[in-house]
Structures are given as C-alpha cells and as structure tokens.
Amino acid sequence: MKLASSIGNIINPVAGPPLDDISAHPDAAWGLRKLYSPYTGAACYVYDSAGNTSDVFFDSNNEVSLNSQTISGLNLQEFSTGNGGNGTVSVGIWYDQTTGTTRNATQTTASERPLLTVGGALQGYQVTSPKASLRFIDDYFAVDSYRFPPSNDSCTILAVSATKGGTYGVISDLDGYNDGVELIYDASEWSWKIKNTDLEGTLRQRGSKAQLAIAMYDTSLGANQQTLRINAEVTGQNCTEDVHIINTDRFRIGARKLTDNQLNGWVAEGMIWDSAISEADLTSLENNIFMHYKIPKGSA
C-alpha cells in the first residue's frame, strides 16, 4: 500500500494526497493541503481585514503556507498585510477537492468566517511540526443543496480537528436534535450521534492537540455497525437507526443544528462518504494523516 507519492527523507517523510491511495471516492473533501492529485483548483477563497479578496493556492509542497500564491501574485503573507490589511485573513469558501458534483463549504457572513491567519501568522495545531488549519471562534461553514446521506443509511465522516473544550459541532447534518447524524465534541469526549444512538466510549479529545476522528455507520454488519476511531483507537456498538435526512441546507462544518454549538477550535481537513468504507481505506487514510500532521497513533 502506497502511503505517499513522495516519501521525503527518513527524518521528515512527506505524505502525498490521501485520496490518491484509496478506492472509495468521497462525496466531498476539504483541506489546507492537496487531497487529490486530479484537483487543480485553489484551497480556499479569502478576505483580508480591509475587505480585499482572493483565491489561495497550494505551495510547491502542495500545502497552504505563507508562501502560497494568491490571484494577484502576492503570497499569503503579503496579501494579509498589504492593501491596508492587519495580518488577519478569514475564509469565505473552503473548496471541495473532489471531482464531480462540487460541494463547497461557504460562509457569507463576515463575523462567522473561520480564520486562516492572525497577525500575519498561520493558524495551526500545537504539534511537533505545525500545519495550517482553520481557527473557528464560534464560526461555521454551510454546505448547501446537500443532504447526508441522501440514498442509504451507511455513511462515513472524517475530521482532523481539535477543540478548546466544550460541546461543539465538528461535522453535522441535522433536521433537528436526534434527527440526523453528527460528529461533535461533547464536553471532554468525541461523540458520534446517529439519531438517538450516541457513541462516546472513552475516546477523549486532547485540548488543542490535533486528532483524527473517523465516524462510520455500516448497515451491512451484524454487530458494531456504528464505529468511532480516534487516532486509530476504535470503539463500536450496535445501531439500527434510520438516518435519512429530509431537508437540504442543513449540512455544517463547525456547528450542530444550523448555528447551534458553533466550534471553538480548529479544523484542518474534513471528508464525507455516503457509504461505509473498507478497513484498507481507513488504514491508508489514518497512516497518511498521521504522517502529515505528526499525530502519534493511538494517542487519543
């Protein structure tokens, strides 16, 4: 199994686009690095503090960094402080990197946009080798014209995220509470909720440390249909809920039901599938993300 298109050196291996090496193509994928080689667009559409706007592209390492180029030819750091800006850059569109139906995550309200830079510095997790992430301070994105899952009960949600503590939505699609699916922080634990069935276990969040959460519902299984994997630690339970969502325009990154429980934390990547995915794909995604973000396996 190939973990990276470039392995770098022994000290600092480089993880390639994670979607290149799995068989299940997601419904949508958002990230601050290139997630899929065929994708040729920008990472995000941003605003500086003076109201100037631009797409931000990946740098030569296929990541968003202060060297990332904008449409104007400036790098991100120059964009953040030039033309009257004070170094703060917020994100209005987080582009979906899958090919096919485009499901961009958007925020049109200026005060609700997550931050990419503050004071000219990238926002990032407190890990050994910080990577860019979006800072949510009671902010969220909407994914319009989509309901999840639209055709069957099986589904998978992936998030690379961290929190300041509290009860916050990370990725959710709810018509109402106990009527939909959501991956959230619930006080000091991750929680994977399918209607009335809530899987928490002992998989605790670790403050501002980057973590990989993969929540999956596989209706083909006889037991443990609902699983939650935090940094490759797995817990599961039986679940027989009907999770069909009636309404579109409820899908959120960084909130629970519409604008409730908005996230105080960070998100670097998010992916969704309208299906369960294989153990091989789960392991491939975990190994790639652990390598890129320097997340210790089993550290939840």
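Out of everything in the stretch 99-117 that is surrounded by fewer than 16 Cβ atoms within 10 Å (Cβ to Cβ) and small (Gly, Ala, Ser), what residue ends up being nearest to Pro38 (Cα to Cα)? Per the stated criteria, the residue is Gly100. Applying the criterion of at least 2 residues that are at pLDDT below 95 and β-branched (Val, Ile, Thr) to the strands (runs of 3 or more DSSP E) found wholly in the stretch 182-300 leaves 233-237. Taking only the stretch 86-101 into account, find how many residues are modelled with pLDDT of 95 or more and either among the hydroxyl-bearing types (Ser, Thr, Tyr) or farther than 17 Å from Ala50 by Cα (or both). Total satisfying the criteria: 8. Contact map, the stretch 213-229: residues that are small (Gly, Ala, Ser) paired with residues that are crowded, with 16+ Cβ neighbours inside 10 Å, Cβ distance under 6 Å, separation 6+ or inter-chain. Pairs shown: Ala213/Ala159; Ala213/Trp190; Ala213/Ile230; Ala215/Ile157; Ala215/Leu183; Ala215/Trp192; Ala215/Leu228.
Trp273 meets the stated requirement of being under 22 Å from His25 (Cβ atoms), of a type in the set (A, V, I, L, M, F, W, C) and crowded, with 20+ Cβ neighbours inside 10 Å. Among residues of the stretch 171-182 that are at positive phi, those with a beta-carbon under 6 Å from a residue that is surrounded by 14 or more Cβ atoms within 10 Å (Cβ to Cβ) and part of a loop (DSSP other than H, G, I, E, B) at least six positions away or on a different chain give the pairs Asn178/Lys195; Gly180/Ile245.
It is to be established whether one or more residues within the stretch 63-78 are modelled with pLDDT of 95 or more, touching a Lys or Arg at 6+ places or on another chain (Cβ under 6 Å) and not charged (D, E, K, R). Checked the stretch 63-78: no residue is modelled with pLDDT of 95 or more, touching a Lys or Arg at 6+ places or on another chain (Cβ under 6 Å) and not charged (D, E, K, R). Consider the stretch 217-253 and keep the residues that are β-branched (Val, Ile, Thr), surrounded by 14 or more Cβ atoms within 10 Å (Cβ to Cβ) and in contact with an Asp or Glu (Cβ under 6 Å, 6 or more places away or on another chain). The one that is farthest from Glu286 (Cα to Cα) is Ile245.
Return a yes/no flag: does the stretch 82-89 have any residue that is within 30 Å of Arg147 (Cα to Cα) and of a type outside the set (Gly, Ala, Ser). Yes, the stretch 82-89 contains at least one residue that is within 30 Å of Arg147 (Cα to Cα) and of a type outside the set (Gly, Ala, Ser). Being buried (at least 22 other Cβ atoms within 10 Å of the Cβ), out of contact with any helix residue (DSSP H, G or I) (no Cβ under 9 Å at 6 or more places or on another chain), farther than 20 Å from Arg135 by Cα and among the aliphatic types (A, V, I, L, M) is the requirement here; does Ile194 meet it? Yes; evaluated as a whole, the condition is true for this residue. If you go through the stretch 118-134 and keep only what is surrounded by fewer than 21 Cβ atoms within 10 Å (Cβ to Cβ) and either among the aliphatic types (A, V, I, L, M) or within 24 Å of Asp27 (Cα to Cα) (or both), you end up with Val118, Ala121, Val127.
Close contacts from the stretch 130-152, counting a first residue that is on the phi > 0 side of the Ramachandran plot and a second that is among the β-branched types (Val, Ile, Thr), with Cβ to Cβ under 7 Å and a gap of 6+ residues or different chains, come to Ser145/Thr248. Ser68 meets all of the listed conditions (1) under 19 Å from the mean Cα position of the chain (by Cα); (2) surrounded by 17 or more Cβ atoms within 10 Å (Cβ to Cβ); (3) of a type outside the set (Phe, Trp, Tyr) but one, namely (1).
The values are calculated or read from the model by the stated rules, or taken from the named source; none is laboratory data. Note that the coordinates shown come from a computational prediction; the quantities given were computed from them, not determined experimentally. Positions of Cβ are generated from backbone atoms using ideal geometry, with glycine treated the same way; all protein chains shown enter the neighbour counts.
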